[in-house]
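What follows is a single structure, written as structure tokens, with notes after it.
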């Protein structure tokens with residue numbers, strides 16, 4: 001919700017835009033429901049008119065700083081689908097930090113950088129060249145099976161090579177997930193914390209998939225004292241047919257996708273669509289979603305699910 005939308009406009013919205021959205025919900029007299037109630041009443045077919053459930057993916061640190069106070073101001077309930085690895089490790093999510101650094105240095109060509117994982121010439125001048133460089137670095141990380149700590153060290157090394165102050169980014173807590181204390185505070189303040197996997201990934205192996213949810217649930221319970229963790233969001237919207245049985249096995253009752261449309265009683269509760277609000281969505285388009293007109297209008301594609309490396 002901060003300046004992060006520069007390189008990731010599909011992921012973030014400015015705080016002022018978010019508060020305008022809440023004001024529009026109030027003016028529209030929307031029935032903003034807790035997620036659990038909304039899912040239950042959707043299944044029962046007795047949702048009140050203009051029903052809305054507000055959810056946030058990942059649990060970014062500026063949810064605590066900017067979104068949480070705005071939600072309290074309007075007295076709206078909300079759910080955060082929390083991924084817990086970076087919550088506990090308190091470092092920037094490398095995928096977003098690396099992309100941000102590249103974007104910030106988008107006028108540069110770097111040679112003689114001394115980083116073994118970089119190509120001889122680092123060209124940051126175009127979106128295409130930055131995408132190729134990111135894929136090159138990510139493949140190196142995968143080939144070396146780097147830990148989260150090692151990835152963070154590599155991003156710091158890259159930042160030094162392109163003369164970017166990485167420690168200033170970490171001090172500002174850009175691209176950080178809420179820390180344990182913040183998660184506990186918002187949970188105590190009424191925010192519903194739910195499942196999003198521990199490492200923000202959906203393995204194709206059943207045991208690994210279930211383990212991701214088990215770890216995620218365990219950490220959230222430790223952070224919040226809450227045991228009723230039955231709502232899930234697919235990381236980056238990635239879902240496969242075999243996941244449904246695994247989610248049921250893990251005790252999950254609802255799962256949110258990245259499919260953009262209205263939810264209905266006909267929907268599988270483990271494949272719920274939703275509106276993904278973002279920087280590119282205009283106030284007029286948001287209002288069209290609120291009024292229901294968007295169901296009859298052609299929609300431009302706003303969100304391209306992108307699987308963020310864990």
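The values are calculated or read from the model by the stated rules, or taken from the named source; none is laboratory data. Only a predicted model underlies this, so the values are computations on that prediction, with no experimental measurement involved. Cβ sites come from the backbone with ideal geometry, for glycine too, and all protein chains shown count toward neighbours.
Just give me the residues in region 19-43 being without any contact (Cβ under 8 Å) to a residue 60 or more places away in the chain and either on the phi < 0 side of the Ramachandran plot or not assigned by TED's automatic domain parsing to the domain that holds residue 267 (or both), in sequence order.
Hits for region 19-43 are 19, 22, 23, 26, 27, 31, 32, 33, 37, 38, 40, 41.
Could you please let me know if residue 85 is in the same structural domain as residue 213 (by TED's automatic domain parsing) and over 27 Å from residue 16 (Cβ atoms)?
So residue 85 fits the description; yes.
Report the residue count in region 237-261 for those that are in a helix (DSSP H, G or I) and surrounded by fewer than 18 Cβ atoms within 10 Å (Cβ to Cβ).
6
Among 68, 81, which is at pLDDT 95 or above, part of a strand (DSSP E or B) and under 20 Å from residue 223 (Cβ atoms)?
Just a single option satisfies the conditions, and that option is 81.
Restricting attention to strands (runs of 3 or more DSSP E) lying wholly within region 85-200, give those where 1 or more residues are surrounded by 13 or more Cβ atoms within 10 Å (Cβ to Cβ) and over 17 Å from the mean Cα position of the chain (by Cα).
Output list reads 109-111, 121-123.
Of the residues that make up region 217-228, is at least one modelled with pLDDT of 95 or more, in the same structural domain as residue 61 (by TED's automatic domain parsing), assigned to a loop (DSSP other than H, G, I, E, B) and in contact with a strand residue (DSSP E or B) (Cβ under 9 Å, 6 or more places away or on another chain)?
no
Pick from 49, 77, 69: which is in contact (Cβ under 8 Å) with a residue 24 or more places away in the chain, in the same structural domain as residue 199 (by TED's automatic domain parsing), out of contact with any strand residue (DSSP E or B) (no Cβ under 6 Å at 6 or more places or on another chain) and on the phi < 0 side of the Ramachandran plot?
Just a single option satisfies the conditions, and that option is 77.
Condition test on residue 28, is it buried (at least 18 other Cβ atoms within 10 Å of the Cβ) and farther than 18 Å from residue 231 by Cα?
In short, no.
Would you point out which residue out of 281, 271, 290 is farther than 24 Å from residue 22 by Cα and surrounded by 15 or more Cβ atoms within 10 Å (Cβ to Cβ)?
The unique qualifying residue is 271.
In region 238-253, which residues are under 17 Å from the mean Cα position of the chain (by Cα) and either closer than 24 Å to residue 187 by Cα or not assigned by TED's automatic domain parsing to the domain that holds residue 34 (or both)?
Within region 238-253, no residue meets the criteria.
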